[in-house]
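J.: First the structure, then my questions, so here it is.
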Amino acid sequence: MSGKFARQRQDWGSKLGEWSTGAATLLILAILAVILGSALINGIPNVSLRLLLSSSSSDMFEVSKAGLLPLLVGTVARVFLMTLFVLPVGVITAVYLTEYARRTSILTKLIQTAVNNLAGVPSIVFGLFGLGFFIGFIGRNMDYLLGHSESEWGKPALLWASLTLAVMTLPVVIVATEEALRAIPPGLREASLALGATKLQTIIRVVLPNALPGILTGAILAVSRAAGEVAPILFTGAAYYMRDMPHALNDQFMDLAYHTYILSTQSPNIDKTRPLLFAVVLVLLGLTFSLNIVAVLVRSRVRRKLRSGH
Amino acid sequence: MFPSAPHEFDWKKIRRGNRFQPGEWLAERLIFLVSLSAILMVFLIFLFVAREAFPILIGTATSASNQKVIPASEMDKLSAEQLRVYLGMKPDDFKKQDRETLKLLMEVREEAAKETPDDRDSGINTVGWRYLLRPFQWGGLSKPEYIWAPTSRIPKFNLIPLFVGSLKTTFVALLFAVPIALGAALYVSQLAPPRLREWLKPSIEMLSGIPSVVLGSFALLVAAPFLEHLLNLPTMLNAFVAGLALGLTCVPVIFSIAEDAISSVPQSFTQAALALGASRWRAAWDVVTPAALPGIFAAVVLGFGRAIGETMVVLIASGNAAQLSGSIFDSARTVTATIAAELAEAVFGSPHYRVLFLLGTLLFGITFVSNLAGQMIVGSLKGRLEGKR
């Protein structure tokens, strides 16, 4: 109906406004399509099973001799460890904020402000923090207490990189879980209490299982974000080149995202490296992007549930 | 009001439900403690980044390469503690040395002092605030200049070229990202048909799924050669190319927040405008946009925070020359790229290492303030619009 009235007063200014904002939307989508398209077109011919399942033997800058297996293992290991750390802390914080905290209390506002600010801290500052706190403070003191003469823990390592990333992705998990918990109808909680369950039993057996899709979204978004980050692991664990895979928590590791940076800036001959670079970019995008799509799909389902209001 | 009425039921006020269990009391305390971790982390980040920069902040760090030299013949005039500090030894090591060794060490020091050229610059503590922020006429220069040269013989740590580099790339990024992100937000929220809107929003937000290191390498491989050719630029990698790629990292941020703000304006605003005969665009532009203006402003502020803190894009695509220049088509080096590129080579605890942590502290401060400001604006807007309803 409104459209009918609107058409009567259509003027040139309005037309221009609609066209230009529509063009802006289209421009963003076009850029996205160009990036994805060129990664696919240039990447697919260079990705082979051999490339994915072997490690670099002689020349890590050439597509026919390089292998990505150590990179994949390193990235998956750091992201997996990170999830182990960030998920419990993030979910418990969200449970406190939605199920226990009073919205008006100063402490609640303080926690919420801290979460939002943590989300805005530049990733390179997380790198400095990981170096100063995890390696310089915790790692060094562990060496001192355990009586190691050489530094076993006070050096860049898989564990420290994962912990740094866990701190970085904490807000992602908290916000997603909060959203999922708020989407659960209060009636469910009341019914559980009415049947004689305690509050904690209600949260563990009724609220959390129902919020699982939302919590998963948070975890997936965190993994997708962390997998593509380089700055936080620059000083805390990523290695330029390693012969072996990481075996222990205090080993360094090779990493897909970090390797993208190395290939684009340190190559002796960029024209020879280009095919390999596109292959690595495609694998990395495949990882972060497919995860992101899954998260967006799950999230939009959760939001629709929330909006429909039960 | 009857407190027993069903809609008065308050889940938050329930503590432990019907039966008391001591285990639950403990678990709930634990939940509370864990939830404080976000506050703890923000605090720890500030503490441990600022800790390394602290000697510079209070002015006790020194980079001067020649200290006052005490001749070995005057050794007996010094107390044991003074001698230890002069030689820069740990108490344990100091006790183990005999007198002859110490005397020898002092003579070595004396010789070394004779070797180093005794020019004016080597006596300067270059991490003093005066040298960090203001131009200085170093030996061999014809006029005072801002110089960042941490690895030269006299390390120079002027921060101004780096901040100018950061502001230049951020400026280009926002110039590019703000109009298209806000335009798209207005279109998606107000003008697009509802069915299109359903998939436009998630599609644009997909842009945040591209890692910044990938955007950086695309800027290097695809955009930089193309733009160099097109605009006939003097250098392939410059603040302009980096700024464009940087803009793509803030588009999703600005878009999401602005779209939320515009969508949170009550429907009645639009309906009233349409009823008075306005076109959809007029309603969106003259009625909804002014109401959402604080939120749109917050989106830009948060986009700024994202752009100035971004590392990998500028590290790969900005060219990284630490020269002071006003042109956006010159190579630029940002604060973030400097930290990323130089920290691995800086000696632990050296003045260079501390200056890099100082940069990190300043960066943390800048983003902290801009985030806080953005959040406060969003919060007050929400309150106002909900009040109006």
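The values are calculated or read from the model by the stated rules, or taken from the named source; none is laboratory data. Note that this is a predicted model, so its numbers are computed, not measured. Positions of Cβ are backbone-derived with ideal geometry, glycine not excepted, and every protein chain shown enters the neighbour counts.
J.: If you scan the range A:271-292, which residues turn out to be of a type outside the set (S, T, N, Q) and facing chain B (nearest Cβ under 10 Å)?
T.: A:R274, A:L277, A:F278, A:V280, A:V281, A:L282, A:L284, A:L285, A:L287, A:F289, A:L291
J.: Further question on the same structure: Can you tell me which of A:I262, A:I203 is more than 22 Å from the chain's Cα centre (by Cα), buried (at least 20 other Cβ atoms within 10 Å of the Cβ) and part of a helix (DSSP H, G or I)?
T.: A:I203
Okay, residues lined up against (1) in a loop (DSSP other than H, G, I, E, B); (2) surrounded by 15 or more Cβ atoms within 10 Å (Cβ to Cβ); (3) among the hydroxyl-bearing types (S, T, Y):
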| site | (1), (2), (3) |
| --- | --- |
| A:L40 | no, no, no |
| A:G43 | no, yes, no |
| A:D59 | yes, no, no |
| A:K65 | yes, no, no |
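Residue-wise test of (1) of a type outside the set (A, V, I, L, M, F, W, C); (2) loosely packed, with under 15 Cβ neighbours inside 10 Å; (3) out of contact with any helix residue (DSSP H, G or I) (no Cβ under 7 Å at 6 or more places or on another chain); (4) modelled with pLDDT of 85 or more.
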position: A:F253; (1), (2), (3), (4): no, no, no, yes
position: A:T273; (1), (2), (3), (4): yes, no, no, yes
position: A:L277; (1), (2), (3), (4): no, no, no, yes
position: A:V280; (1), (2), (3), (4): no, no, no, yes
position: A:L284; (1), (2), (3), (4): no, no, no, yes
position: A:T288; (1), (2), (3), (4): yes, no, no, yes
position: A:L291; (1), (2), (3), (4): no, no, no, yes
position: A:V302; (1), (2), (3), (4): no, no, no, no
position: A:S308; (1), (2), (3), (4): yes, yes, yes, no
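J.: Next question. Going by the structure shown, is B:P225 within 12 Å of another protein chain (Cβ to nearest Cβ), without any contact (Cβ under 8 Å) to a residue 60 or more places away in the chain and closer than 23 Å to B:S325 by Cβ?
T.: Considered against the rule, which asks whether it is within 12 Å of another protein chain (Cβ to nearest Cβ), without any contact (Cβ under 8 Å) to a residue 60 or more places away in the chain and closer than 23 Å to B:S325 by Cβ, B:P225 comes out as yes.
J.: Among (1) in contact (Cβ under 8 Å) with a residue 12 or more places away in the chain; (2) farther than 24 Å from B:L36 by Cβ, there is one condition A:H148 misses while meeting the rest; what is its number?
T.: Condition (1) is where A:H148 drops out.
J.: Hey, does the range A:250-259 have a residue that's assigned to a helix (DSSP H, G or I), within 11 Å of chain B (Cβ to nearest Cβ) and without any contact (Cβ under 8 Å) to a residue 40 or more places away in the chain?
T.: Yes; the residues of the range A:250-259 include at least one that is assigned to a helix (DSSP H, G or I), within 11 Å of chain B (Cβ to nearest Cβ) and without any contact (Cβ under 8 Å) to a residue 40 or more places away in the chain.
J.: Next up: Kindly indicate whether A:A295 is facing chain B (nearest Cβ under 9 Å) and in contact with a Phe, Trp or Tyr (Cβ under 8 Å, 6 or more places away or on another chain).
T.: Here the answer is no, as A:A295 does not meet what is asked.
J.: Residues of the range A:70-94 being of a type outside the set (A, V, I, L, M, F, W, C), touching a residue at least 40 places away in the same chain (Cβ under 8 Å) and more than 18 Å from A:G286 (Cβ to Cβ), which ones?
T.: Those that are of a type outside the set (A, V, I, L, M, F, W, C), touching a residue at least 40 places away in the same chain (Cβ under 8 Å) and more than 18 Å from A:G286 (Cβ to Cβ): A:T83, A:G90, A:T93.
J.: Here is a further query. From B:V222, B:V164, which residue is surrounded by fewer than 23 Cβ atoms within 10 Å (Cβ to Cβ), within 18 Å of B:T334 (Cβ to Cβ) and at pLDDT below 95?
T.: Details: B:V222 fails: within 18 Å of B:T334 (Cβ to Cβ).
B:V164 is the lone residue from the list that is surrounded by fewer than 23 Cβ atoms within 10 Å (Cβ to Cβ), within 18 Å of B:T334 (Cβ to Cβ) and at pLDDT below 95.
J.: Would you mind listing the helices (runs of 4 or more DSSP H) fully within the range B:304-389 where at least 3 residues are crowded, with 20+ Cβ neighbours inside 10 Å, out of contact with any Leu (no Cβ under 8 Å at 6 or more places or on another chain) and modelled with pLDDT of 90 or more?
T.: Once the helices (runs of 4 or more DSSP H) in the range B:304-389 are filtered for at least 3 residues that are crowded, with 20+ Cβ neighbours inside 10 Å, out of contact with any Leu (no Cβ under 8 Å at 6 or more places or on another chain) and modelled with pLDDT of 90 or more, what remains is B:351-388.
J.: Within the range A:16-27, does at least one residue satisfy the condition of being within 21 Å of the chain's Cα centre (by Cα), facing another protein chain (nearest Cβ under 8 Å) and surrounded by fewer than 21 Cβ atoms within 10 Å (Cβ to Cβ)? It would help to see each step written out before you state the result.
T.: Going through the range A:16-27, the residues within 21 Å of the chain's Cα centre (by Cα) turn out to be none.
No, the range A:16-27 has no match at all.
J.: Something else about it: From the list B:L196, B:L230, pick out the single residue that is surrounded by 13 or more Cβ atoms within 10 Å (Cβ to Cβ) and part of a helix (DSSP H, G or I).
T.: On the way: B:L230 fails: surrounded by 13 or more Cβ atoms within 10 Å (Cβ to Cβ).
Just one listed residue meets the conditions, B:L196.
Let's see how each residue does on (1) more than 8 Å from chain B (Cβ to nearest Cβ); (2) in contact with a Gly (Cβ under 8 Å, 6 or more places away or on another chain); (3) more than 30 Å from B:A53 (Cα to Cα):
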residue	(1), (2), (3)
A:V86	yes, no, no
A:I92	no, no, yes
A:Y100	no, no, yes
A:P122	no, yes, no
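J.: Name every residue in the range A:84-122 that is modelled with pLDDT of 95 or more and of a type in the set (S, T, N, Q), in order of residue number.
T.: A:T93
J.: Right, something else. Quick one: count up the residues across the range A:124-152 that are touching a helix residue (DSSP H, G or I) at 6+ places or on another chain (Cβ under 9 Å) and either at pLDDT 90 or above or within 13 Å of another protein chain (Cβ to nearest Cβ) (or both).
T.: The total comes to 17.
J.: Further question on the same structure: Only one residue in A:A191, A:A161 is in contact (Cβ under 8 Å) with a residue 24 or more places away in the chain, part of a helix (DSSP H, G or I) and hydrophobic (A, V, I, L, M, F, W, C), so which one is that?
T.: None of the others qualify; the one that does is A:A161.
J.: Return yes when B:F20 is at pLDDT 60 or above, more than 7 Å from every other protein chain (Cβ to nearest Cβ) and not in a helix (DSSP H, G or I) and no when it is not.
T.: yes
J.: Quick one: in the range B:146-180, of everything that is assigned to a helix (DSSP H, G or I), in contact (Cβ under 8 Å) with a residue 12 or more places away in the chain and farther than 20 Å from B:N238 by Cα, which residue is nearest to the other protein chains (Cβ to nearest Cβ)?
T.: Top of the filtered list is B:I180.
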